[in-house]
Amino acid sequence: MTTELVSEKIIETDHLTKIYQNRQIALNDVTLTIEKGWILGLLGPNGAGKTTFLRLVLGLHRPTAGTVRVFGQPMTPNAAMLRRRIGYIPTNPKFPPGMTPITYLDYIARLFGLPSSIRKPRLASLIRAVDLLRHSGEPIANFSVGMNARLAVAASLINKPDLLIWDEPTHGLDIEARRGMLELIKTLADDKTIILSSHNLSDVDEVCNHAAVLSQGQLIFSDSLQELKGRIRKNHYELDLDGEQKAITKVMTQLKTIGDFKLVNLRGRRLELRLSDDASNTGLLGQLFQMLHDSKVSLISIRSVGQQTEQAFLDLVEKEESRGFIRLYDQSEAA
Ligand SMILES: Nc1ncnc2c1ncn2[C@@H]1O[C@H](COP(=O)(O)OP(=O)(O)OP(=O)(O)O)[C@@H](O)[C@H]1O
């Protein structure tokens, strides 16, 4: 008998489309499957449709066309039982200012119908987990952005959901708070499926294993994060060299005559290189190493550079936008 690993589909959207009353096409024909255990980074510039997508998945909006299934069942505004299995954090979550973390979390837990015997210990452990114990009796009105974010995390976990949908959870956080949030996501990732919408691409880089990119309402990329990063990893490098400055400068001058080196930039003994998209990086780097060897220049280190996810994502959006322009241009030519 063969045992086959069957992937479990947590979210399936099929030609999902949302046009708002003002005729704005916020989401355009998005077909996407998200499987159990994925930590999906949902990326896209302002207005790309990320929040619209998340709200459709949550059943908070009705699609204009297409469908959403969550845990194998159709998601609709009436599917409250499905929503109970999702921990949602909206962008900039707001809480009743007069409540304290304890009264607020207790209120949410009651809405979920948790009995007191479960409610109390869970509430206590969540407040500890998000480091709000010292502030648990203080009014939320006095909370910083970071404390608000941690309270939102606790509230989204109160019903032990299988799926977390967090819209910009690191938005407005300082470095320390952001670090804490990312560590928390990594811990939760062990047994949950997570969708993380973020503008901060290094966050996605750090915690996600998959990425989806929206641009002008369209899904322009959906694959592993590795794949997204691989799109540019191969062509941008920084090298630290050692040897006579004259010899290093000579190598740089030689490199500039080779067309496939799109950027050759020397600062002291640090050489920055960008190769053309379709070049063989192995071949070109091999050539470079030979030149260094012939000129008696030592290679101290070589690394691929840049915020790789960010660059790959920007490249994708840029390409898609120029394709859109070409399509429009073609249509007007044909007309
Ligand atoms: N309730 C609404 N009514 C009308 N138009 C809307 C509504 N919500 C969003 N839009 C429009 O739909 C488009 C997509 O918006 P959405 O908020 O989904 O994008 P986003 O990627 O989440 O953006 P951001 O990163 O800025 O939050 C935008 O042009 C926005 O102005």
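FYI, it's all coordinate maths here, none of it is from the lab. None of these values were measured; they are calculated from a predicted model. Cβ coordinates were reconstructed from backbone atoms using ideal geometry, including for glycine residues, and neighbour counts include every protein chain displayed.
Just need log10 I(q)/I(0) for the range 175-301 at q = 0.11, 0.13, 0.19 Å⁻¹, Debye formula, equal scatterers on the alpha-carbon atoms, no solvent, rounded to two decimals. Here the Debye-derived log intensity ratios amount to -0.59, -0.73, -0.98.
Report, for the chain, the % of DSSP beta bridges that are antiparallel, rounded to 5.
Numbers: 37 of 54 bridges.
For the chain, the DSSP antiparallel bridge percentage is about 70.
What's the FRET efficiency of H293 with N265 using the Cβ-Cβ distance as r and R₀ = 22 Å, to the nearest 0.05? In this case the efficiency is close to 0.55. Among K9/K120; K94/K120; K229/K262; K18/K192, which pairs are too far apart, with a Cα-Cα distance over 25 Å? Over 25 Å apart, Cα to Cα: K9/K120; K18/K192.
By the rule of a C-alpha distance below 14 Å, with chain neighbours fewer than 8 residues away ignored, the aspartates and glutamates paired with K160 are D190, D191. Cα-based values for the range 234-304, radius of gyration first and Dmax second, are 10.9, 32 Å. Around the amide H of L214, modelled in the peptide plane, lie the amide H atoms of L43, G44, I220, all under 5 Å away and 5 or more residues distant in sequence or on another chain. Taking the chain as a Gaussian network of alpha-carbon nodes connected by springs under 10 Å, the highest mean-square fluctuation of the residues D167, D205, D294 belongs to D294. Residues whose amide H lies under 5 Å from that of L27, counting only those 5 or more places away or on a different chain, are K18; hydrogens are built 1.01 Å from N in the peptide plane.
May I ask you to compute the full-extension gain from A247 to I118, defined as 0.36 nm times their residue separation minus their alpha-carbon distance, rounded to one decimal in nm?
Working: separation 129, 0.36 × 129 = 46.44 nm, distance 7.15 nm.
Here the answer is 39.3 nm.
All C-alpha to C-alpha distances of the range 33-156, sorted into 5 Å bins beginning at zero, yield P(r) values of 2, 9, 17, 18, 18, 16, 13, 6, 2, 0 percent in whole numbers. Look at the dipole of the chain built from charges on Cβ: of I195, L82, G268, the Cα furthest out on the positive end belongs to L82.
Working note: Karplus 6.51/-1.76/1.60 with θ = phi - 60° gives the range 64-78 the couplings 6, 8, x, 9, 10, 10, 10, 6, x, 10, x, 8, 9, x, 8 Hz, where Gly and Pro are set to x.
Using only alpha carbon pairs under 8 Å that are at least six residues apart, calculate the relative contact order of the range 1-160 and give it in whole percent. It would help to have the intermediate numbers written out before the result.
Values: 219 pairs, mean separation 32.1, N = 160.
So the answer I get is 20 percent.
Per-residue extension of 0.36 nm, minus the Cα-Cα distance of T31 and D14, leaves a gain of 5.7 nm for this segment. Straightening the chain between N22 and Q254 buys 77.8 nm, computed as 0.36 nm per residue apart minus the Cα-Cα spacing. For the range 27-36, putting each phi into the Karplus relation 6.51 cos²θ - 1.76 cosθ + 1.60 with θ = phi - 60° gives couplings of 9, 10, 6, 8, 10, 8, 10, 10, 9, 4 Hz, in residue order, rounded to whole numbers and with x for Gly and Pro.
In terms of other Cβ atoms within 10 Å, E318, E12 run from fewest to most in the order E318, E12. For q = 0.12 Å⁻¹, what log10 I(q)/I(0) does the chain give under the Debye formula with an equal point scatterer on each alpha carbon and no solvent? The Cα Debye sum returns log10 ratios of -0.94. Charge dipole (Cα centre; +1 on Lys/Arg Cβ, -1 on Asp/Glu Cβ; no other charges) of the chain amounts to roughly 920 debye.
With the charge dipole of the range 83-150 set up from +1 on Lys and Arg Cβ and -1 on Asp and Glu Cβ about the Cα centre, the Cα lying farthest toward the positive end among the listed residues S116, P101, N148 is that of S116. A crude spin-label estimate for the pair K160 and R303, with each label 7 Å from Cα along the Cβ direction, gives 4.2 nm. If one computes the Cα centroid of the range 169-198 and of the range 85-111, what distance in Å separates the two points? If we compute the Cα centre of each part, the gap is 18 Å.
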